[in-house]
Amino acid sequence: MISLDYRKWIKEHQNTEYSINEISDNTIELKTDYGVSTIQFTDIDKSTLVEFTIVSLKDENIKFYLHFELKNIDHAKQLYREMIDTLLKLKEEKTLQILLSCSAGLTTSMFAENLNESAKMLELDMHFDAVSYLNIYQEATKYDVILLAPQIGYMLHRIQESLTDRPVLQIPTGAFASYDTLTVINYINDEVKAFKNKQKKKTVSCHCKESTKASILSLVMMPNTAQTRTYYRLYKGNTIIDSNLIIKPSFDIYDLYDIIDTILLRYSHIDLIGIAIPGIVDETEKMRYLRYQEDEIDIKNEFEKHYGIEILVSNNANAAVMGFSLEHPEYSDILFHTQPFGYHAGGQGILVDKKIVKGRKGLAGEIKFFIERMQLSDKLHNLPWTQEGALELVCAGLLPSLCTLAPQAVAIRSPMTPDMNEIKKKLSSFIPEYYLPDFYFIKEASPYMLDGITKLCIDYLDK
């Protein structure tokens, strides 16, 4: 009955900004000129699973995905409203935003004006802006495509490594010299299509080799300024039997309830749930947000009382260092340093003698508390937006740990500093190279976090 009431409520919310179409008995589609939302109902036993998906028509990327068991009509309505907000905001993103850059920005400014005129004449949803290469990182997050003038083509590979989630291209020299806007527009269209084709899902694998008969649900939350991504995997033994990625604009710890409800609806039994989450996780597995010092959530006790299932909670950097150690068993002492794009402070996961170092009340690896008080070359909020500044931040964060812990290996997740030789060279001005560890650049941290939280769960069950 609740399912029928909910479907009826959705269909009654027809709006001039979007159309609602009932595709089948179990599928409702909401369409705008800039995005499509699909609502899928699946009946399982005596309950109903609801899935929301929003796909942008501009780049065909999924902008919103979640699923939940339809148990509470008020909660379901709130999730629907959040989905609608995301769908309507796509209107602001409809136009393909393209950033041109050269040494000073003057030449590309004139070219951008010509490109805007051509796009308008051809009735294309494209808009071009120009900026000096000195500000390219600070502006890049606002744009879908980055175009470099030929004179700074030597920066292409470096910027591509830093901005992996969008096409970074060099304008063909002949087209740039002759202001051939049509050639450049066609080039952009071709390269954007090619980039989309590369963004295919990779085969899901796990480095956890230990055999276990238990069912383990592993969850990893990774929020940033744009959206929250929650990854999950359900393991039976060391085989992954279900996995997915939840994408939402907000960061709400209670979204985990919807994921767990859905998994239990599909599979009925879980032996242990592992949750890797940002923030400080103390020895009682309570979580404290760094951004909101007074907010404390007793995840372990709250979820165990609700589900009657044991819960293991870990800081996600600690999970990452454990996951990295599974891929590199040759090291017993490892540091996993994460410096998210645009942030002045990240965090560290520390492994000593193959054991995670949490420290008193889970404080180990929280570099935020000292990086803000170090003597640096510029204001802290300016440093993440240049290659030199990001390099300085990473090295400043690493130095105390290298001198104190002397790890054998350091894994670095920092999009702005992909060249490990640069880091090694800068650090060698402080520490003789003989003492420096092996360095590894990490493009995507979530697989390590998933592997790591799963290994922690297996170890917990073995005890």
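The values are calculated or read from the model by the stated rules, or taken from the named source; none is laboratory data. Keep in mind it's a predicted model, so treat the numbers as computed, not measured. Counting neighbours? That spans all protein chains shown, and the Cβs are built from the backbone with ideal geometry, glycine included. Ligands, DNA and RNA are stripped out before the accessible areas are found, and what is left, the full protein with its side chains, is counted by its heavy atoms. Shrake-Rupley method; radii C 1.70, N 1.55, O 1.52, S 1.80 Å.
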### Task
Give, as a single signed number, the net charge of other residues whose beta carbon lies under 10 Å from the beta carbon of L380, with Lys and Arg counted +1 and Asp and Glu -1.
0
### Query
Cα-based Rg of the chain per 2.2 N^0.38 Å, rounded to two decimals?
1.06
## Note on the structure
For K196, counting only lysines whose alpha-carbon sits under 30 Å away and dropping same-chain residues fewer than eight positions off, the answer is K31, K58, K63, K89, K91, K94, K120, K142, K248, K443
### Summed residue charge, Cβ within 13 Å of P432's Cβ, Lys/Arg positive, Asp/Glu negative
+1
### Query
In terms of modelled amide H atoms, which long-range or inter-chain residues lie less than 5 Å from the amide H of K63?
I54, V55, S56
### Task
Report, largest value first, the span of the C-alpha coordinates of segment 1-91 along each principal axis, in whole Å.
39, 24, 24
### Query
What residues have an amide H closer than 5 Å to that of N244, excluding those fewer than 5 places away on the same chain, when H is modeled at 1.01 Å from N in the peptide plane?
Y232
### Task
For every helix of n ≥ 4 consecutive DSSP H residues, a contribution of -39,500 (n - 2.57) applies; sum these over the chain, divide by its total residues, and give [θ] at 222 nm rounded to the nearest 500 deg cm²/dmol.
-10500 deg cm²/dmol
### Message
For a quick check: with amide H placed at 1.01 Å from N, whose amide H comes under 5 Å from D282's, ignoring anything fewer than 5 positions away on the same chain?
### Response
R288
### Query
In segment 215-462, what % of DSSP beta bridges are antiparallel (nearest 5)?
60 percent
### Summary
Note, segment 328-338: 3J(HN,Hα) by Karplus (6.51, -1.76, 1.60, θ = phi - 60°), whole Hz, Gly/Pro = x, goes 10, x, 6, 10, 10, 10, 9, 10, 10, 9, 10
#### Entry: Cβ-based net charge around C102, under 15 Å, with every Lys or Arg adding one and every Asp or Glu removing one
-3
### Task
Apply the membrane-span-like helix rule to the chain: whole DSSP H runs, Cα extent along the own long axis of at least 20 Å, mean Kyte-Doolittle hydropathy at least -1.0. List the helices found.
73-89, 106-121, 181-198, 387-405, 446-462
### Query
Hey, what do the phi angles of segment 341-349 turn into as Karplus ³J(HN,Hα) couplings, whole Hz, using 6.51/-1.76/1.60 and θ = phi - 60°, x for Gly and Pro?
4, x, 9, 8, 9, x, x, 9, x
### Task
For segment 358-368, take each phi angle, set θ = phi - 60°, evaluate the Karplus expression 6.51 cos²θ - 1.76 cosθ + 1.60, and give the result in whole Hz per residue in order, putting x for glycine and proline.
9, x, 5, 6, x, 7, 4, x, 7, 5, 3
### Message
Suppose a student asked you for the relative contact order of the chain, using Cα pairs under 8 Å spaced at least 6 residues apart; what percent would you report?
### Response
11 percent
## Note on the structure
segment 104-132 and segment 160-190 have their Cα centres apart by a whole-number Å value of 12 Å
### Query
Restricting to the chain, what percent of DSSP beta bridges are antiparallel, rounded to 5?
65 percent
#### Entry: Size of electric dipole in the chain: Cβ of Lys, Arg +1 and of Asp, Glu -1, about Cα centre, debye, nearest 20
580 debye
### Task
Would you kindly find the accessible area of L391, with a 1.4 Å probe and non-protein molecules such as ligands, DNA and RNA excluded, rounding to the nearest 10 Å²?
30 Å²
